[in-house]
Amino acid sequence: MVSYLLRRLLIGLVTLAMITCMIYGLIRSMPGSPLDADPAMMDPSKMPSKADIQRMRSVYGLDKPLHLAYWQWLKNTTSLNLGTSYSQKKPVAELISDRVWPTLQLSLTSLLLSYLLAVPMGLYATVRSGRADERGLSFALYMLYSFPSFVAALFLQLLFAVKLEGTWLELPLLGNHSNNYEEMGDAAQAWDSFKHMILPVTCFTYGSLAYYCRFVKANMEEVIRQDYIRTARAKGLGPIRVLIHHAFRNTLIPFVTLLGLTLPGLLGGAIILEGIFNWPGMGLLFFSSILGRDYPTIMSLTLMFSILTLTGQLLADILYAFADPRIRYS
Amino acid sequence: MNRKVPDLVTASPGFWQQSWQRFRRRKLAMFALYFIGLLSMVAIFSPAIAGTKPIVCRYKGEIYFPCLGYYNPSWENPIFQKDRFRRVYPRNLQRKDPDSWALWPLVYQDPHRPVRDGEWEGLEGNPFGAKGQPSGKNWFGTYKTGFDVFASMVHGTRIALLVGFVSTGIAAVIGITLGAVAGYMGGVVDLTISRLIEMVMCVPALVLILALQAVIEEVSIWNIMMLLGLTGWTGMARLTRGEFLKLRETEFVAAARCLGAGRIRIMFRHVLPNALAPVMVPIVFGIAAGIQVEAALSLLGFGAPPPNPSWGTILHSGRETLQSGYWWQVVFPGLGIFLTVLAYNLIGEGIQEATDPRLADSGN
């Protein structure tokens with residue numbers, strides 16, 4: 001196990017080095033020098049100022065040969081000196097940390113919701129297996145699973161924010177709070193945030209909910225045929241106890257590993273939805289920095305998303321080994 | 001003596017034939033397959049379905065195919081530019097050569113521009129803005145600027161299917177080759193390739209594509225397909241590797257080796273056809289994923305550059321006018337993407353169950 005972990009960590013480091021090389025290569029190969037005024041950038045406010053250029057030159061070491069410059073950039077990055085955003089005039093690290101909470105707000109809520117709903121729904125589907133209501137539920141879940149979340153986002157926006165505008169069902173179109181948020185009382189603020197969260201969380205949740213639910217049902221179907229379930233039934237245990245204590249507990253292992261696999265998506269997965277809902281998280285920051293050609297921010301976020309994906313994969317593997325004692329990594 | 005002897009031994013159906021028979025029994029999967037077939041037809045013949053350029057025309061004694069310009073602008077004969085057609089064919093053909101004739105697309109609408117008044121005899125120009133609701137003339141309505149949504153969707157089918165096929169094709173070639181080599185050779189080669197798989201698995205494709213947008217001036221649809229292909233092969237490589245590990249110990253491989261077949265020949269001629277079934281499933285799902293990524297990127301304005309219409313770019317302009325309530329620009333392309341993804345998922349699932357050896361005997 002330890003040697004396996006070490007190996008994975010080493011591979012992770014190599015991968016990170018590869019990704020950083022790639023990102024640094026992108027920085028170096030930006031059209032002309034990225035720091036010169038780019039004729040493609042017609043908007044003067046998006047052009048870096050002279051001071052920015054000097055600062056970026058030193059951070060990225062563009063005046064040095066490639067290997068030295070890469071080394072310096074790496075050193076700066078590992079000491080969390082991610083550079084300064086030149087569209088917002090703030091350190092990138094600060095900019096990103098401001099955006100972590102809104103992203104987590106979306107992803108944690110949706111993670112919690114989908115797990116909490118998927119288990120009872122999956123168990124229900126197992127019990128009612130083959131009947132009309134289970135078939136209906138499974139069919140609906142399959143449809144939802146194939147429904148791209150960005151299309152659902154647009155449909156829901158159209159329905160709740162445009163067509164139902166003015167009725168009591170109206171929901172806000174964009175953002176995570178209203179314009180007059182600051183003037184509201186505490187209860188009103190909470191209500192306002194809640195209303196803004198409904199649509200993005202729904203879009204973020206339904207796909208994984210459908211997936212988890214199918215996953216729970218598939219695993220349960222396998223377990224429910226085992227001999228020990230028949231034994232439990234034969235000794236007179238009630239159906240609910242058999243279902244939860246004897247069957248479901250034995251499907252927990254794959255379920256836990258699923259959690260690990262969803263971790264990378266937790267911070268990065270909302271990129272597209274944040275763009276659609278104008279939700280001020282890291283995904284939106286990424287989009288706005290691409291449009292503003294804010295290279296320090298783009299590169300830091302790319303690096304960050306890569307590290308997150310990497311960590312998620314690693315965690316999934318570790319969780320897998322812990323959850324199932326039969327698995328031995330060698 | 002001439003009496004026919006009944007065959008005592010009939011050739012049992014092969015694996016693929018059996019799988020196909022099992023697949024065919026699944027109505028939904030077959031329906032999905034027909035749907036994708038129909039979409040492919042629409043994609044291939046899109047200029048003949050919706051367009052303002054004749055499919056075939058005779059002009060000044062020569063035969064031309066102006067509709068090819070929709071595939072590639074340079075395939076449209078320059079004579080029409082020289083003669084100042086300004087992309088309006090019906091009137092100009094008549095005016096400049098009274099003897100000309102032309103075969104027109106089914107729907108006279110263009111994905112690149114609105115049809116104007118009197119362009120086609122008796123056909124009114126496309127309505128704008130809120131008046132652009134779906135009608136007998138504009139089946140799926142029009143954009144804010146008067147472009148026809150139906151024509152854009154028909155021509156967008158090309159990009160949707162192309163992205164799916166090309167990106168997954170690249171991924172499949174890389175994944176199957178590397179997986180085959182790793183599984184068959186084993187040893188150091190296997191170790192190296194397995195580590196490579198683990199590395200590429202961690203590369204967030206979407207983030208990379210987006211980061212590239214800031215660096216490259218014009219990100220073309222080919223860049224996106226390349227990147228999707230270069231990052232999406234890991235699942236297929238893993239599956240192929242597993243199959244090859246299993247199959248290289250079988251008798252038929254030993255037999256082939258005894259006959260003196262070379263490594264490459266054994267790998268791709270003998271083992272690969274037997275290892276292909278499980279890889280088909282991620283290939284089909286990969287196509288669906290590719291279509292979704294392209295559409296999502298275009299929706300946010302980071303996709304294929306105009307003028308090529310894609311379903312995502314229609315959604316993009318639909319999103320801009322969402323608050324005016326122009327539902328047709330969102331609903332039709334949205335349903336198009338959903339149905340296509342659903343069809344690929346159904347096909348993938350159908351293949352999964354049809355090729356599963358555990359279900360092989362129960363089917364009969």
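The values are calculated or read from the model by the stated rules, or taken from the named source; none is laboratory data. Please read all numbers here as calculations on a predicted model, not as lab measurements. Ideal geometry is used to build each Cβ from the backbone, glycine not excepted, and the neighbour counts take in all protein chains shown. Heads up: the accessible areas ignore ligands, DNA and RNA and are worked out on the full protein's heavy atoms, side chains in. Shrake-Rupley method; radii C 1.70, N 1.55, O 1.52, S 1.80 Å.
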Item to check | Area projected by the alpha carbon convex hull of chain B, averaged over all directions, nm² | outcome: 28.5
Item to check | the range A:133-162 and the range B:75-101: distance between their alpha carbon centers, rounded to Å | outcome: 47
Checklist entry - Once the dipole of the range B:1-83 is set up with Lys and Arg at +1 and Asp and Glu at -1 on Cβ about the Cα centre, which of B:N77, B:S40, B:Q17 lies farthest towards its positive end? => result B:Q17
Checklist entry - Using modelled backbone amide H atoms (1.01 Å from N, in-plane), which distant-in-sequence or interchain residues come within less than 5 Å of B:G141's amide H? => result B:S135, B:V149, B:F150
Checklist entry - Which whole-Hz ³J(HN,Hα) couplings does the range A:177-189 yield from phi under the Karplus relation 6.51 cos²θ - 1.76 cosθ + 1.60, θ = phi - 60°, glycine and proline marked x? => result 7, 6, 5, 9, 4, 4, 7, 7, x, 4, 5, 5, 5
Checklist entry - Rounded to two decimals, what is Rg over Rh for the protein assembly as shown when you use alpha-carbon atoms and the Kirkwood radius? => result 1.00
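If DNA, RNA and ligands are ignored and the probe is 1.4 Å, what is the ranking of A:C203, A:C21 by accessible area, most exposed first?
Largest accessible area first, the residues go A:C21, A:C203.
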Checklist outcome for this item: So, relative contact order of the range B:93-220 in percent, Cα under 8 Å, 6 or more apart, is 13
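Please report, to one decimal in angstroms, the Kirkwood hydrodynamic radius of the range B:49-139 built from all distinct Cα-Cα pairs.
Result for the range B:49-139 stands at 13.9 Å.
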Item to check | Degrees, to the nearest 10: B:27-44 long Cα axis against longest axis of chain B | outcome: 50
Checklist entry - For A:K217, A:K64, B:K82, B:K60, what's the largest-to-smallest order of accessible area, 1.4 Å probe? => result B:K82, B:K60, A:K64, A:K217
Checklist entry - Over the heavy atoms of B:E243, what accessible area does a 1.4 Å probe trace out, to the nearest 10 Å²? => result 30
Item to check | Note, ³J(HN,Hα) from phi for the range B:335-343, Karplus 6.51, -1.76, 1.60, rounded to Hz, x at Gly and Pro | outcome: 5, x, 5, 4, 5, 5, 4, 4, 4
Checklist entry - Quick one: how many Å² of B:D97 are accessible to a 1.4 Å probe, rounded to 10? => result 20
Checklist outcome for this item: Listed by chain and number, the residues whose amide H is under 5 Å from that of B:Y59, excluding neighbours fewer than 5 places away on the same chain and using placed H, are B:Y64
Checklist entry - For chain B, what is the relative contact order in percent, using Cα pairs closer than 8 Å and at least 6 residues apart in sequence? => result 19
Item to check | For the range B:150-359: accessible area per residue (Å², 1.4 Å) | outcome: 38
Checklist entry - Of B:F31, B:F140, which has the most accessible area and how do the rest follow, probe 1.4 Å? => result B:F31, B:F140
Next on the checklist: Relative contact order for the range B:148-287: what percent, with Cα pairs under 8 Å and sequence separation of 6 or more?
Outcome noted: 37
Next on the checklist: Please list 3J(HN,Hα) in residue order for the range B:101-108, calculated via the Karplus relation 6.51 cos²θ - 1.76 cosθ + 1.60 where θ = phi - 60°; whole Hz, with x for glycine and proline.
Outcome noted: 9, 8, 9, 9, x, 4, 10, 8
Checklist outcome for this item: A 1.4 Å probe over the protein heavy atoms gives the protein assembly as shown a carbon and sulfur accessible-area percentage of 63
Checklist outcome for this item: With N residues in the range A:101-323, Rg(alpha-carbon) / (2.2 N^0.38 Å) equals 1.21
Checklist entry - Taking every residue in A:141-150, how many Cβ atoms of other protein chains lie within 10 Å of its Cβ, on average? => result 5
Checklist outcome for this item: Between chains B and A, the summed loss of accessible surface on complex formation, probed at 1.4 Å and reported to the nearest 100 square angstrom, is 4200
Checklist entry - Can you give the accessible area of B:Y71 in Å² (nearest 10), computed on protein heavy atoms with a 1.4 Å probe? => result 90
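So what's the range B:303-344 giving for Cα Rg divided by 2.2 N^0.38 Å, two decimals?
Normalised Cα radius of gyration, the range B:303-344: 1.20.
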